[in-house]
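The values are calculated or read from the model by the stated rules, or taken from the named source; none is laboratory data. Note that the structure is predicted; figures quoted are calculated from it, not measured. All Cβ positions, even for glycine, are placed from backbone atoms using ideal geometry, and neighbour counts span all protein chains on display. Please note that ligands, DNA and RNA were not included when accessible areas were found on the heavy atoms of the full protein model with its side chains. Shrake-Rupley method; radii C 1.70, N 1.55, O 1.52, S 1.80 Å.
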Amino acid sequence: SGPTSQVKPLASAPERPQIDLVATLASGDSFSGMLRRAGLSGRDISSVSALVSQAMPLSEIASGTQVDITLGRREVGVAPRPLTELSFRARFDLELEIVRNGGNLELSRNAIRVDETPLRVQGRVGKSLYRSMRATGVPASAVQSYLRAVGGHVDLDREVRADDRFDVILSYRRAVTGERQA
């Protein structure tokens, strides 16, 4: 059944008290441009940029970085919503968080412990050296580098047999939060 005579149209819809969103820094984009498109006011963009610059140069924020943003309730009609909270992984070993405390934005640096013990991977060549190395967890880029290095000294098609073994040591970083970089 449809609306009855008791239904009255609203003059305007009430706004949500806050908006949570994720903005991604695109390749070739600026940090402030990304914040502007996310809906931050010019004053908040300046404050956030100044705070982040205290921790690291804005130009060192990698493209593809995702920024969690919470915008609060507007003070007046069409004004930009004020930033309530912003956080992102600035580097592999650092998370930055900006929170509004009273009327001011404050920066928190959250260091992330990283274990940099090299990773040693060994295995049997089998039918394919590439596939065997990938199956043991070696990243594709590392396998390709290994094959180029070894291929300059050994004919991989003729001299490497299925029963041969490989041994690779990779530079490897493991963050306490679970991320890994080889």
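Within the stretch 142-176, the set of residues being loosely packed, with under 13 Cβ neighbours inside 10 Å and of a type in the set (S, T, Y) comprises just one member, S171. Among the conditions (1) assigned to a loop (DSSP other than H, G, I, E, B); (2) over 30 Å from S53 (Cα atoms), T177 misses just one, which is (2).
A quick yes/no check of all residues on (1) in a loop (DSSP other than H, G, I, E, B); (2) closer than 25 Å to R174 by Cβ; (3) modelled with pLDDT under 90:
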position	(1), (2), (3)
T117	yes, yes, no
R120	no, yes, no
R131	no, yes, no
Q144	no, yes, no
V154	yes, no, yes
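Among the conditions (1) assigned to a helix (DSSP H, G or I); (2) touching a Ser or Thr at 6+ places or on another chain (Cβ under 6 Å); (3) hydrophobic (A, V, I, L, M, F, W, C), the only one that L105 does not satisfy is (1).
Counting only strands (runs of 3 or more DSSP E) that sit wholly inside the stretch 1-98, those with at least 2 residues that are charged (D, E, K, R) and surrounded by fewer than 17 Cβ atoms within 10 Å (Cβ to Cβ) are 83-91. Kindly provide the set of residues from the stretch 102-137 that are polar (S, T, N, Q), closer than 30 Å to S41 by Cβ and open to solvent by 90 Å² or more (accessible area, probe 1.4 Å), ordered by number. Once the filter is applied, which keeps residues that are polar (S, T, N, Q), closer than 30 Å to S41 by Cβ and open to solvent by 90 Å² or more (accessible area, probe 1.4 Å), the stretch 102-137 yields only N104.
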